[in-house]
């Protein structure tokens, strides 16, 4: 399940249900996938905050991603030791270096195996991370991330090729931006 926090969130409406349902739909029904349990109990929690520079510029955004596992919360390690796409950190909502680093880090957290993650994280970025609305706060269940990664691996095996299989990607509805209430 993927949840996206709403703009100007309030206690009664903390989750943008429409956007969350659209992103969660990409995972399909993976209840019968063997091994899904190994990622159960793992969650990813991300938030985006705006900050001002010392000169008063207010258009800077910081994206932070945490993992929750066994009742403990820790920052998601970026794994720049494997591939340094983005020394400035994680991002989402487009297909750039920050989303590539996030995809790599999320899949390493799930698989703990670079040989499995290396060929699939660019596809995971295009299918999932690039579709999370920019500057949105979100959560993702580790079991769902694991299931989508397994699907990508299986598609690569079926295609019989080490080529990128982005052309086989799941269809997404276009996400319309949440109307801003700012004046």
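The values are calculated or read from the model by the stated rules, or taken from the named source; none is laboratory data. Given the structure is predicted, the values throughout are model-derived calculations rather than measurements. Heads up, the Cβs are rebuilt from the backbone with ideal geometry, glycines too, and the neighbour counts pull from every protein chain shown.
Overview of values
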item: Flag if residue 76 is at pLDDT 90 or above and within 16 Å of the chain's Cα centre (by Cα); result: yes
item: Members of the stretch 112-145 that are touching a residue at least 40 places away in the same chain (Cβ under 8 Å), closer than 17 Å to residue 101 by Cα, over 11 Å from the mean Cα position of the chain (by Cα) and assigned to a helix (DSSP H, G or I); result: 119, 122, 123
item: Flag for residue 103 being under 16 Å from residue 146 (Cβ atoms), touching a helix residue (DSSP H, G or I) at 6+ places or on another chain (Cβ under 9 Å), modelled with pLDDT of 90 or more and not in a strand (DSSP E or B); result: yes
item: Evaluation of residue 79 against (1) under 18 Å from residue 43 (Cα atoms); (2) assigned to a loop (DSSP other than H, G, I, E, B); (3) in contact with a strand residue (DSSP E or B) (Cβ under 9 Å, 6 or more places away or on another chain) (one fails), failing number; result: (3)
item: Qualifying positions in the stretch 65-76 - part of a loop (DSSP other than H, G, I, E, B) and surrounded by fewer than 14 Cβ atoms within 10 Å (Cβ to Cβ); result: 70, 71
item: Yes/no for residue 135 being at pLDDT below 85, within 17 Å of residue 46 (Cα to Cα) and surrounded by fewer than 21 Cβ atoms within 10 Å (Cβ to Cβ); result: yes
